1. Is one or more of the residues making up the stretch 264-278 assigned to a helix (DSSP H, G or I) and at pLDDT 95 or above?
2. Taking Pro145 and the conditions (1) under 26 Å from the mean Cα position of the chain (by Cα); (2) at pLDDT below 90, which numbered condition does it fall short on, given that it satisfies the others?
3. Conditions: (1) over 21 Å from the mean Cα position of the chain (by Cα); (2) surrounded by 17 or more Cβ atoms within 10 Å (Cβ to Cβ); (3) within 30 Å of Leu311 (Cβ to Cβ). Lys53 meets all but one. Number of the miss?
4. Of all residues in the stretch 56-78, which are open to solvent by 20 Å² or more (accessible area, probe 1.4 Å) and not aliphatic (A, V, I, L, M)?
5. Among the numbered criteria (1) farther than 30 Å from Pro83 by Cα; (2) surrounded by fewer than 17 Cβ atoms within 10 Å (Cβ to Cβ), which single criterion is violated by Ser190?
6. How many residues, within the stretch 224-255, are in a helix (DSSP H, G or I) and closer than 24 Å to Ser131 by Cβ?
7. With at pLDDT below 90, among the aliphatic types (A, V, I, L, M) and in a loop (DSSP other than H, G, I, E, B) as the only criterion, which of Ile165, Ile133, Ile200 stands out?
8. Any idea which of Leu203, Leu221 is out of contact with any helix residue (DSSP H, G or I) (no Cβ under 7 Å at 6 or more places or on another chain), among the hydrophobic types (A, V, I, L, M, F, W, C) and surrounded by fewer than 13 Cβ atoms within 10 Å (Cβ to Cβ)?
Amino acid sequence: FPDKENQQSLLEATAHLVASDAEKGEIILTSGAIGSPQILQLSGIGDQAHLKKLGIDIVADRPGVGQNLQDHPACLVSRYSLPGAPKSHSTALRIPGTTTTNPVALTKWLLKGSGPLTSPGCDHGGFIHLSEINSDNTTHADKEPNIQFRFLATKTITPDGMSTISDSYKSQRNHPNGFTIQTICARPKSKQGTVYINSIDPLAKPKVYTPFFTDNQDLDLMVQALKHARYIMDQPSLKKFSGQEEYPGPHIQSDQDLREYAIRTVHTANALVGTCRLGASNDPNAVVDNQLKVIGVNGLRVCDSSIMPTLPGGQTASSTLAIAEKAADILLQSVHS
């Protein structure tokens, strides 16, 4: 939107639509760890100095909006399957040589509830504890897990697992057979990132900064995780299907080579949290209070993964559901009080 008046009209119209069925006119923002801080900043809620530079009128000076971004860094090991191995999920989903969904896969799902369409793609995995200096694939069952493995019955197209799903697969006409293990640092020590808008245009993407591997312990741990993923792939149950490795590749063997591969290919594990974090009302960097209300703003709450102060040691879906259930209880109590 080229001018502030049009943007404000859109925000007001959206707010009216959202709140029209609420007796007290509350708005509940649920746009996630990227979208929620973006919308708050566009609405004048955020770091005062940053918003003034964009010409946005200040509704509430909350410098914590967009701060404290946390995520799990991820890398991967991916190999081709040997000839004669069962088809990968992603291969079975397509008519060979096209980008068209295979009707066989679709029929199995519709009529029998079976086949590759019953899988989200990465529904297998596990958690282990590795040492940053471990070299013999020993795990520590008595210690808190610090690595998550995701097994995918599919060959990645790129060393970035997220771009493979979101971009590359859409245009791929002959997806190769293979399988992948994504390696994830479950409890990263690197510093927090940020989400900031660069424009008053609500359709413009915000600037997202995720400082993966700013702490060398995370990078050292990722190297051990990649080595352990190879170890898992070399076990008899997978070895019989395992062909040539594409990522990192057979030429990547030394710890230094693996470090460089990790730095070059690290990507999100899709577990972003923290950018509207919950805290005490007198905490200058908190965004919402224990009732999920945006501090200093009436009639506005945030209910999504952005309110988590710290990153869970696994995927965030169940934690986000728990937040939603708690929010429902809070809202019911406020209606009946």
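1. The answer is yes; a qualifying residue exists.
2. Every condition holds for Pro145 apart from (2).
3. Just one mismatch for Lys53, condition (2).
4. Asp57, Asp61, Arg62, Pro63, Gln67, Asn68, Gln70
5. Unmet condition: (2).
6. 12
7. Going through Ile165, Ile133, Ile200 in turn, the sole match is Ile133.
8. Selected residue: Leu203, the only one of Leu203, Leu221 that is out of contact with any helix residue (DSSP H, G or I) (no Cβ under 7 Å at 6 or more places or on another chain), among the hydrophobic types (A, V, I, L, M, F, W, C) and surrounded by fewer than 13 Cβ atoms within 10 Å (Cβ to Cβ).
The values are calculated or read from the model by the stated rules, or taken from the named source; none is laboratory data. From a predicted model like this one, the values you see are computed outputs, not experimental measurements. Positions of Cβ are generated from backbone atoms using ideal geometry, with glycine treated the same way; all protein chains shown enter the neighbour counts. Calculation scope for accessible area: heavy atoms of the full protein, side chains included, ligands and nucleic acids excluded. Shrake-Rupley method; radii C 1.70, N 1.55, O 1.52, S 1.80 Å.
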